[in-house]
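Asks: This structure is in structure tokens; I'll ask about it shortly.
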Amino acid sequence: MSQPTRILIVDDNPAMAQTTADILALKGYEVRVSGSSREALDLLGREKIHILLTDVIMPEMNGVDLFVRARKQQPSLITFLMTAYSADELIQRGRKEGAKAILTKPLDLNLLLMLIKAVEESYLWKLR
Amino acid sequence: MSEQTKILVVDDDPAIVSATRRLLDKAGYQTFPAQTGLETLEAARRHRPDLILLDVNLPDIDGFEVCRRLKADPELAGIGVIIVSSTYTDGESQAAGLDLGADGYIARPVSNRELLARVQGLLRLRAAEQTARLSAAEWQATFDAVGSGIILTDDAYHIIQCNRAAGELFGEIPENMLGKRCYEIVHSAAEPYYACPLMTVKKEKKRQSMIFERGGRWLEVTVDPILDAEGRFAGSVHVINDITERKQAEEALRESEEKYRLLAETTPDVIILHDMEGRIQYVNRAGLELTGLTAEEVIGRPIDVFIAPEFQNGIRKRGEQRARGNGGLYHYEVEVLSKSGQKLCMEVYSAPVARQGQTEQILIVARDITARKQAEERIRQSEETYRNLFHNAQVGLFRTRIADGKILESNEQLARMFGYDSREEFIAEYVTSQNYVDPGTRERMVDMLRRDGFVQNFEARFYRKDRSIFWARYTARIYPEQGWIEGVAEDVTQQKQAEDEIRRLNAELEQRVAERTRQLQEAQEQLVRQERLAVLGQLAGSVGHELRNPLAVINNAVYFLKLVLPDAGEKVREYLNILERETHNAEKIVGDLLDFARVKSVEREAIAASELVRRVLDRYPAPENIRLHLDLPPGLPPLWVDPRQIEQVLGNLIVNAYQAMPEGGRLSVISDQYSVSSEQWVRIAVKDTGVGIPPENMGKLFEPLFTTKAKGIGLGLAVSKKLVEANGGRIEVQSEPGQGAAFTVILPVAEEKSS
């Protein structure tokens, strides 16, 4: 029996995190939710996460820094960045650091599901 | 005596008649017979005898009666009559016969010798008488024929003879003057005239003359003495002539001479008479004054003394010409020396003065024309000065006819101004009224002249001879009486051109300044706008960000609901769809806002305009009620732009066009090449056939937040403009209400790599 793909959603807006989590859970994914980068890093220290879906702009620590730190804890982590902005330096940096996708808010949920599926097929099976 | 003496022999006795005739015929006379008184008268009439021997006893009328009738008849009275009678021999009868005019009486018997002697004696006497009578008549006739009055007086002033002329002189019948004293007649005086020459004549016994006036007539009397055999004064002869006319002629001559003398002496002209050797014989006062010499110093000296040396030769030659007979009036000018040594110019007329066909003197009338000459010279110099001024003037000087502007006078400069080489030709053919370029100009000018008398700096365009046009500026004055206009003109074409150029440059400068000002204002406005937009951008960025988060949540929520409520009622599904759509609209607005606010970098590449249009039309296909018209020539150079940005622009324009034609229409997308000052551009025009743009909106179209749509926040065209400009191009719009709108994007082209 294959282990379900575990996705960590990080967003300082709990409603955003909650709704996204609910949709993914409904689609059969194991979902974790964090309201901040620190909280997310704690969780990443405790638990294996396959896909990190994080907001970029957040207080205390932004999504890209989170992604960079999280990757040190879990090098195989696949990261999708979410942003309300189309392009800025932070996004560019995220892209350079290896973020697999950059999604603009509001999220195209079909696209998100498609991406998750593609990631599962391309990477996750090998890693598991 | 050329003719034979004729004798008529009358007697009633034929024998006597016959015997007498024989006697007389023998003596050489021609005889005629008569026997009665009537026969006698008839024969006397017919034969005109010199003598009639008349018997007294005749049968019809007696001899006395015949004698009486003969003497009574003037034609026959001159015939000599000798009465021959034997009956009437007494003294009584003889006296009676002689009383009747008979010339002789012979009593019979008489011897032949005595008869003949008596006849001969009588005839001789009669011949003598006849001669005397004729001589007296001749003398009287001669005396009377003399034109001078002649009066003979005795030694006591009595007039003893006078002729007809004397009578006429004194208004008397000559016979009535006889016996009167001469002074009574001649001087109408009662005693001798005090100056009577007769007394002197009487004393000195020689001729004396006197002129005296009588009744308005001038008489000249010459008295000669008549001396008797012993040399004593016996009387005198007065010869009297009326010399009134001579006197008057003399007087007139004297007056005339005086007049001429006065004239000669008072005239300012110099008058000289000189003889044929050139010696001066007369110089008038003017001549003396001129030379400063006295008459004594001049008279007899040669005419040369007056003449300036260089003219003396000419004078001599003229004298020689005259001597050769080339007479007549000469007219010439010479210079003479005045008393102060000054040379004076004289105008001279000279004429020969002839006496009996022989030229004896030369009359010279000379006038000092030095002043006139000098004046003439001054006038000539003045005229020359003015002529030079006139012709060499660097402005045009003219005189034209008021009526039609015909050139009456012009200087060279004016002729040149009008394109003529020859001033004469210009004057001959140029009429200004036909050569004003602008109609009505001349009329306006003439009106001003008539109103003010002059025009100043009037400007008008004229045709030159070759029909080229120039600007003349002139100042003129009108002379209505003479019918002309005079003035000064100059060609101000270059000036005008310069002025026009200055004006043009000024205008251009103003326009440039305005343009620059506008640009600066625009730049300033742009700055302000950009500043504002920068603020707006920041605001929009944060607002967009903040809005995107809730939108994202809503979007998620809707998605979730749709997932968890697949079997929801129709209404719920519809409302979920509304939520989903409006979330998208909101997201689109936020996207535009963020696009506008964000400064994007331009990533250029070479791409064909047609490819961009194709991509956009793929993304936004035309609604069914809109026809597409594409004109995208393949040969256009590729654009050098950021494709995504220009696609966004074209997409905006095309979607706007669709929205402008809700009822359908035609969309044209036309591309062409466009060059401005050697720079190459490509234009892409997007035209619709919609409602068009109201003029008042044209200026605001590209401003941010301007919209006519119910939806949208009005950033589409502003973003398009910004993007086009970021790509180095520009965007333009043309529209008229009801005629649709055309947006044209002008974009730079890729430089040809091959070159």
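What follows draws every value from the coordinates through simple rules; no lab data is involved. All values reported here derive from a predicted model rather than from experimental measurement. Cβ atoms come from the backbone with ideal geometry, glycine included; neighbour counts cover every protein chain shown.
Asks: State the Cα centre-to-centre distance between segment B:64-90 and segment B:424-447 in whole Å.
Replies: Spelled out, the Cα-based centre of one part sits 123 Å from the other.
Asks: Limiting things to C-alpha atoms, what are the Rg and the maximum Cα-Cα separation (Dmax) for segment B:406-473, in angstroms?
Replies: My reading of the Cα-based Rg and Dmax gives 12.2, 35 Å.
Asks: Taking a 29 Å limit on the Cα-Cα distance, which of the listed pairs A:Lys100/B:Lys588; A:Lys96/B:Lys562; A:Lys27/A:Lys105 fall beyond it?
Replies: Going by Cα-Cα distance, A:Lys96/B:Lys562 fall outside the 29 Å limit.
Asks: Along the positive direction of the dipole of chain B (beta-carbon charges: Lys, Arg +1; Asp, Glu -1; about the Cα centre), which of B:Thr291, B:Tyr479, B:Ala568 reaches farthest?
Replies: Towards the positive end, the residue furthest out is B:Ala568.
Asks: Let me ask something else about it. Report, to two decimal places, the Cα Rg of segment B:423-551 normalised by 2.2 N^0.38 Å (N = number of residues).
Replies: Working it through for segment B:423-551, the quotient is 2.26.
Asks: Let me know the whole percent of all Cα-Cα pairs from segment B:308-412 that are separated by more than 25 Å.
Replies: 51
Asks: A follow-up question, please. Kindly give Rg over Rh for chain B, based on alpha-carbon atoms, with the Kirkwood expression for the hydrodynamic radius.
Replies: 1.68
Asks: Roughly how many debye, to the nearest 20, is the charge dipole of chain B about its Cα centre, given +1 on each Lys and Arg Cβ, -1 on each Asp and Glu Cβ, and no other charges?
Replies: So the dipole magnitude of chain B works out to roughly 2560 debye.
Asks: Taking a quarter of the surface of the convex hull around the Cα atoms of segment B:125-174, what do you get in nm²?
Replies: That works out to 4.3 nm².
Asks: Run down the aspartates and glutamates and flag those whose C-alpha is under 14 Å from the C-alpha of A:Lys117, throwing out any fewer than 8 positions away in its chain.
Replies: Straight-line reach from A:Lys117, under 14 Å: A:Glu30.
Asks: With N set to the number of residues, divide the alpha-carbon radius of gyration of segment B:182-265 by 2.2 N^0.38 Å and report two decimals.
Replies: 1.49
Asks: What does the net charge come to around B:Ile379 if you take all other residues with beta carbon closer than 13 Å to its beta carbon, with K and R at +1 and D and E at -1?
Replies: +1
Asks: Mind pulling up the Rg/Rh value for segment A:1-71? Radius of gyration and Kirkwood radius, both on Cα.
Replies: Dividing the radius of gyration by the Kirkwood radius yields 0.96.
Asks: Next question. Once you put a point 7 Å from the Cα of B:Ser188 and another 7 Å from the Cα of B:Glu624, both along the Cβ direction, what distance in nm separates them?
Replies: 16.5
Asks: Helix B:14-27 versus the longest principal axis of chain B: what is the Cα-based angle in degrees, 0 to 90, to the nearest 10?
Replies: Tilt of helix B:14-27: around 70 degrees.
Asks: So for chain A, Kirkwood radius off the Cα pairs, Stokes-Einstein at 10 °C and 1.306 mPa s: how many µm² s⁻¹?
Replies: Taking Rh from Cα pairs, D becomes 111 µm²/s.
Asks: With the Cα gyration tensor of segment B:603-755 in hand, give its eigenvalues times 5 under a square root as the equivalent ellipsoid semi-axes, listed largest first in whole angstrom.
Replies: 26, 17, 14
Asks: Can I ask one more? Nearest 10 degrees, 0 to 90: what angle lies between the long axis of helix B:63-72 and the longest principal axis of chain B (Cα atoms)?
Replies: On a 0 to 90 degree scale, this one is about 20.
Asks: Residue-wise, which Karplus ³J(HN,Hα) couplings in Hz belong to segment A:74-80, taking 6.51 cos²θ - 1.76 cosθ + 1.60, θ = phi - 60°, and x for glycine or proline?
Replies: Whole-Hz 3J(HN,Hα) from phi for segment A:74-80: 9, x, 7, 4, 9, 10, 10.
Asks: Here's another thing I want to ask about it. What is the Rg over Rh value, at two decimals, for segment B:531-684, using alpha-carbon atoms and the Kirkwood definition of Rh?
Replies: My calculation of the ratio gives 1.09.
Asks: While we're looking at this one, here's another question. If R0 is 22 Å, what FRET efficiency do you get for B:Asp447 and B:His391 from their C-beta distance, rounded to 0.05?
Replies: Computed FRET efficiency for B:Asp447 and B:His391: 0.10.
Asks: Give the span of segment B:1-83's Cα atoms along each principal axis, as three whole-Å numbers ordered largest to smallest.
Replies: 30, 29, 18
Asks: With everything on Cα atoms, drop me the angle between helix B:370-392 and the longest principal axis of chain B, reported from 0 to 90° to the nearest 10.
Replies: 20
Asks: I need two numbers for the protein assembly as shown: Rg to one decimal and Dmax as a whole number, Cα atoms only, in Å.
Replies: Taking only Cα atoms of the protein assembly as shown, I get Rg and Dmax of 83.1, 257 Å.
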